[in-house]
Amino acid sequence: MPQASSRPRKEVIKLLKFLGIKQIYDVKLNHIYSAELLRRMVKRISTLDFEKYGECGLFRAFNNAVKNGIVEMIVEMVKVCPNLMHTLDKNGRVFLMSSIAHRQEKIFSLFYGLEGRNGNLLSVTDYFDNTMLHCAGELSPSTQLARISGAALQMQRELQWYREVESIVNPRAKTYCNQNGETPGQLFTKSHEKLMAAGEKWMKQVATSSTVVGALIITVMFTAAFTVPGGNKDTGFPVFLHEKSFLIFIISDAISLFASSTSVLMFLGILTSRYSENDFLKSLPRKLVIGLCTLFISIATMMVAFCAALRIVMDGRLEVVIPVSLLAGIPVTLFILLQFPLLFEVFISTNGPGIFNRKMKRWY
């Protein structure tokens, strides 16, 4: 009997796993347990003297939380012990510098929620005389870079970090030299040399392949504009000039021609770019977005023009036109599936709200 009653329960668990509900439940349960553990830990910390923090491993736990981006833990621990904000890790860095070195944007954004934005956190240096801007100039950890697709977008993210830190530090930090005699700008250029070369190669590969497609569409659509379906009358005008399908064909052909021409020009702009550091921040990603969008429009309108021409040639035989028109949607769908994730990521990274929360509410 117990085995018989447990069988339906196992089947229900399998169904929940298949639907993804079990995974969501487990994540929520782990979060509840973690929150309760943090609450008890903070309560215990509040009863200790500052001298005992090191003995119980609090400093190590705090630095690990910064390294792994555990925001809730940082906030609760600082509320109980504000001095943790000024404790140093093994490299002599306070939590704000460490968040930059490990590229933890959520931890870094906590700075914007500090009352008065504690200036002491901005002027400190580590054991190697590196400032916060030096930390931003170092290459991001490989685990953080791996989250971003494409070397060009990785270079863009590094520039976004550097510009963000640059906007809050003292202007004199830009010319401050560390123990190796390097300014933050020099360190950034040196440490990102290989990534920049990889980003240039990635951009040129995408632009080259897309230019070939765009050029083929230009050739086809330009030719189609002068070889209209159905031919011309003796007067020189198209036979189906007054048909709605012919009007759709001409408009779609023109849009496809203009869109593909714009796309090719954008990709040519990428191929002939200087590829300086600043180009990766806005210029190159925007050209890539415009190029991919116009290329998609050209492919979609080319299929529309094809379907309109087919309807004219087949004299409205829908039993042929409809199935072929449905097949014409396959290339458009494939383009969306293959390129839309990249297009979306580039667009959000370039024109989105950004990874930093400058409007964070005061938390301490």
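Determine whether segment 111-134 contains at least one residue that is over 30 Å from residue 43 (Cβ atoms) and of a type in the set (Phe, Trp, Tyr).
yes
Considering only segment 172-184, I want to know if a residue exists there that is assigned by TED's automatic domain parsing to the domain that holds residue 124, over 19 Å from residue 126 (Cβ atoms) and not β-branched (Val, Ile, Thr).
No; the residues of segment 172-184 include none that is assigned by TED's automatic domain parsing to the domain that holds residue 124, over 19 Å from residue 126 (Cβ atoms) and not β-branched (Val, Ile, Thr).
Can you name the condition, by its number, that residue 158 falls short on among (1) at pLDDT 95 or above; (2) over 26 Å from residue 359 (Cα atoms); (3) among the acidic types (Asp, Glu)?
Of the numbered conditions (1) at pLDDT 95 or above; (2) over 26 Å from residue 359 (Cα atoms); (3) among the acidic types (Asp, Glu), the odd one out for residue 158 is (2).
Given the conditions (1) of a type in the set (Val, Ile, Thr); (2) in a helix (DSSP H, G or I); (3) surrounded by 17 or more Cβ atoms within 10 Å (Cβ to Cβ), report the number of the one that residue 125 does not fulfil.
The number of the failed condition is (2).
In this structure, does residue 113 turn out to be under 22 Å from residue 179 (Cβ atoms) and either out of contact with any Asp or Glu (no Cβ under 6 Å at 6 or more places or on another chain) or not acidic (Asp, Glu) (or both)?
Criteria not met by residue 113.
Restricting attention to segment 161-173, which residues are surrounded by 18 or more Cβ atoms within 10 Å (Cβ to Cβ) and under 22 Å from residue 346 (Cβ atoms)?
Answer for segment 161-173, where residues must be surrounded by 18 or more Cβ atoms within 10 Å (Cβ to Cβ) and under 22 Å from residue 346 (Cβ atoms): 161, 162, 164.
Across segment 308-350, what is the total count of residues that are over 30 Å from residue 282 (Cα atoms), at pLDDT below 85, assigned to a helix (DSSP H, G or I) and of a type in the set (A, V, I, L, M, F, W, C)?
Selection size over segment 308-350: 13.
Kindly evaluate residue 300 against the criterion of being crowded, with 19+ Cβ neighbours inside 10 Å, among the small types (Gly, Ala, Ser) and at pLDDT below 90.
Details: crowded, with 19+ Cβ neighbours inside 10 Å: yes; among the small types (Gly, Ala, Ser): yes; at pLDDT below 90: no.
No.
If a residue has to be in contact with an Asp or Glu (Cβ under 9 Å, 6 or more places away or on another chain) and more than 20 Å from residue 282 (Cα to Cα) to count, how many in segment 116-138 make the cut? Full working, then the answer.
First, the residues of segment 116-138 that are in contact with an Asp or Glu (Cβ under 9 Å, 6 or more places away or on another chain): 126, 130, 133-137.
Okay, now just the ones that are also more than 20 Å from residue 282 (Cα to Cα), so 126, 130, 133-135.
Selection size over segment 116-138: 5.
The values are calculated or read from the model by the stated rules, or taken from the named source; none is laboratory data. Since we're looking at a predicted model, the values are computed, not measured. Don't worry about glycine lacking a Cβ; one is built from the backbone with ideal geometry, like all the others, and counts go over all protein chains shown.
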